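A.B. asks: I'd like to ask you about the structure that follows.
The values are calculated or read from the model by the stated rules, or taken from the named source; none is laboratory data. Just so we're clear, the structure is a prediction, and the values are computed from it rather than from any experiment. Don't worry about glycine lacking a Cβ; one is built from the backbone with ideal geometry, like all the others, and counts go over all protein chains shown. For the accessible areas, the whole protein counts, side chains as well, though only heavy atoms, and no ligand, DNA or RNA atoms are used. Shrake-Rupley method; radii C 1.70, N 1.55, O 1.52, S 1.80 Å.
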Amino acid sequence: MTEIITHEAIPGFEVPVHRALAEPILLAGAPRAVAITNGTLAAALGLGLRLWIAGLVVWAIGHLAAVWAAKRDAQFVDVVRRHVRYPAHLGV
C-alpha cells in the first residue's frame, strides 16, 4: 500500500528562485563574518603588535579552518551560535 506522490506544478504558484538567495555569502571560501573577523585579528597582531609572522600564521590557519568548515557545512556559523546559546543540561 505505497502511495506515489507526484509534485506537479500548479499554474500561478511556481516562482523561480535566484541562486544568490539560496547560497551563503563567502569571501574566498570562508563565511563573510568569519573572514572579516579573522582578517581583523590577524591585522591587529601584524600591524598593531608588529608581530608580522604571527599575524600571517593566525590569518592562514584561521582562514584554512573556516574554508574547511564551510566546505563541510556552509551554515556552520549559525550552528555554532545556536549550540553556544543553549545551556548544557547534562553537565560534565
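A.B. asks: Within the range 1-46, can you find the residues that are modelled with pLDDT of 90 or more and either on the phi > 0 side of the Ramachandran plot or polar (S, T, N, Q) (or both)?
C.D. replies: The answer is 28, 29, 37, 38, 40.
A.B. asks: Let me ask something else about it. Looking only at residues that are assigned to a helix (DSSP H, G or I) and in contact (Cβ under 8 Å) with a residue 40 or more places away in the chain in the range 64-82, which one is most open to solvent (accessible area, probe 1.4 Å)? If you could, list the steps in order and put the result at the bottom.
C.D. replies: Just the residues of the range 64-82 that are assigned to a helix (DSSP H, G or I), to begin with: 64-72, 76-82.
Filter once more, so that each one left must be in contact (Cβ under 8 Å) with a residue 40 or more places away in the chain: 70-71, 76-77.
Numbers: 70: 15, 71: 169, 76: 42, 77: 32 Å².
By that ranking, first place goes to 71.
A.B. asks: Under 8 Å by Cβ, and 6 or more places apart or on different chains, what pairs join a residue from the range 7-30 that is of a type outside the set (A, V, I, L, M) with one that is not in a helix (DSSP H, G or I)?
C.D. replies: 23/74; 24/31; 24/74; 24/75
A.B. asks: Further question: When residues of the range 23-63 are filtered for being part of a helix (DSSP H, G or I), of a type in the set (Val, Ile, Thr) and out of contact with any Gly (no Cβ under 9 Å at 6 or more places or on another chain), how many remain? Don't jump to the end; show me each part of the working.
C.D. replies: Step one: filter the range 23-63 for residues part of a helix (DSSP H, G or I), giving 32-48, 52-63.
Narrowing the set further to residues that are of a type in the set (Val, Ile, Thr) leaves 34, 36-37, 40, 53, 57-58, 61.
Now drop any that are not out of contact with any Gly (no Cβ under 9 Å at 6 or more places or on another chain), which leaves 36, 40, 57, 61.
So the count comes out to 4.
A.B. asks: If residue 17 satisfies every condition in (1) in a helix (DSSP H, G or I); (2) open to solvent by 50 Å² or more (accessible area, probe 1.4 Å); (3) of a type outside the set (Lys, Arg) but one, which is the exception?
C.D. replies: Of the numbered conditions (1) in a helix (DSSP H, G or I); (2) open to solvent by 50 Å² or more (accessible area, probe 1.4 Å); (3) of a type outside the set (Lys, Arg), the odd one out for residue 17 is (1).
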